[in-house]
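Just so it is clear, none of the values below were taken in a lab; they were calculated from the coordinates. All figures in this text were calculated on a predicted structure; none of them were measured in a lab. Please note: Cβ atoms are built from the backbone with ideal geometry, for glycine as well, and neighbour counts cover all protein chains shown.
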Amino acid sequence: MIKTFFIAFWLWTALYSLETQARVLDRMVAVVEDDVILERELNVEVAAITAKLKAGNVMIPPEYALRKQVIERMIVDKLQKQMAARAGIQVSDEMLRNSVADIAGRNGLSVEAFRVELARQGMDYKSFEENLRNEIAINQLRGHEIGSRIKVTDAEVAHYMETQGKAGLSNSQYRLGHILIAVSEAASATTIQKAKEKADQVVNELRTGKDFKQMAISVSNDDNALKGGDLGWRSINQIPTLFVDTVASMTLGEVSEPIRSPSGFHIIKILEMEGVGQHIITKTKVRHILIKTNELIDDAEAQKRLEALRDRVRGGEDFAALARGHSDDKGSAINGGSLEWVMPGALVPPFEQAMNKLEINEVSQPVQTQFGWHIIQVLGRESQDNSEQFKKERVRDEIRKRKIEEETELWLRRLRDEAYVEIDQDRL
């Protein structure tokens, strides 16, 4: 009887302990508008970040500093998710599947092999999918809120091309480290001064040997803080305008003075730098015959007709005449199926991939694209130095990216400053 009592008491104590532990783990650590962040959610995220930092051989900052960084990132993510939900942004299962396939493909894996690799690394696939779904929704939100408003004029491209040439930086690439000591737009003079003093202190510590990545993780308010402040490789046009003159005058490994912006004080370090060579492209002179599918012509029939036409070309008949008589691409048919000289990326991928495998004057097997079925003939190839045009296109793209980045930084700070957020500091 006594033994039974002790067993029952032990079970009750164990269950009570588990229940208490569950309640502790379910405690709210932050209120974010009409939602909450639970302590167990924070713990999971901190554990994941810690594992990633260890894998990258980055020294782990003090626990409180790391948890503070992580909770701030979780708050901003939650605010964006809330905003995306209010805007009616939804990520379909098909869109999610396509994104997973794309990520797997970029890693040289099938989707199934990718799932196995995630499991090998201890990552739950459902959690990965959910995080990816949220990331897609947030990207769509940013595209709607920010990207649609960003314009790049020809004058801006010309100005930066000229600036690049004068500065002798057209062949330079930089890998930058970035730390932001944030200041809200409505901050008082006293608050701004304190932030400036903190930024000066950070610069002094970095210049006396403090590890940049660890410092960024500990103190930076930038979205890349948990990546050690690493902004990746950028050309001079891809660098925010605010930093261009500073970066142009810096040397490898140098740490900048604090740079003031509406977001606060920025500190830049050049982690690596290198040059870029010329850009050579190969243009292709190509023609084709297209058969579209419809109620009367299915895929098998389209392929059969094109194989017959291919045999006639190989037998000596004129490709151009056959294109004029049989091709459903009426725009090119009148020119004998000619698409003239095409640049890389100008045609849909299945067509371009098949075209690139052909020898001069060779006629392809039937190739399917979104437009129907084709046979393709390459008439010539020509390589040229496209550096100047490539540079203009790259500059335009990079100016746009830079503008989006600058606007995103301000937008996120404003979103955070204007939201109702309450953090239980005792649980960090």
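Miscellaneous remarks
- Cα gyration tensor shape for the stretch 42-147, rounded if a/c is under 1.5, else prolate or oblate: oblate
- Think of the stretch 133-266 as having a plus end and a minus end, set by charges on the Cβ of Lys, Arg, Asp and Glu; of Phe243, Asn224, Asn204, Asn224 sits farthest toward the positive end of this dipole.
- Cut-off 14 Å between beta-carbons: net charge of the residues surrounding Arg416, Lys and Arg +1, Asp and Glu -1: -4
- Under the combined filter of DSSP loop state and at most 12 neighbouring Cβ atoms within 10 Å, the stretch 261-349 retains these GluC sites (Glu not before Pro): Glu295, Glu317.
- Expressed as a whole percent, the proportion of Cα-Cα pairs in the stretch 376-422 lying more than 13 Å apart is 73%.
- Max mean-square fluctuation residue, GNM over the chain, Cα-Cα springs under 10 Å, options Ala85, Ala346, Ala182: Ala346
- Measuring nothing but alpha carbons in the stretch 87-148 and taking Rh as the Kirkwood radius, the Rg to Rh ratio lands at 1.04.
- Whole-number D in µm² s⁻¹ for the chain, Kirkwood Cα-pair radius fed into Stokes-Einstein, 4 °C, 1.567 mPa s: 49
- Debye intensity ratio in log₁₀ form over the Cα atoms of the stretch 146-272, taken at each q of 0.17, 0.23 Å⁻¹: -0.93, -1.33
- With neighbour counts taken as other beta-carbon atoms within 10 Å, the residues His178, His326 rank, fewest first, as His326, His178.
- Mean projection of the Cα convex hull over all viewing directions, computed for the stretch 280-385: 6.4 nm².
- Folded to 0 to 90 degrees: helix 39-55 orientation relative to the chain principal axis, Cα: 60
- From helices alone, the chain scores -17500 deg cm²/dmol at 222 nm; the rule is -39500 (n - 2.57) for each run of n ≥ 4 DSSP H residues, then divide by the residue total.
- Degrees separating the helix 111-120 axis from the principal Cα axis of the chain, which is the longest one: 20
- Distance from the Cα centroid of the stretch 23-52 to that of the stretch 360-402 is 48 Å (rounded to whole angstrom).
- Counting other Cβ atoms within 10 Å as a rough exposure proxy, the listed residues Leu66, Leu379 run Leu379, Leu66 from fewest neighbours to most.
- Ranking of Tyr174, Tyr64 by neighbouring Cβ atoms within 10 Å, starting from the fewest: Tyr64, Tyr174.
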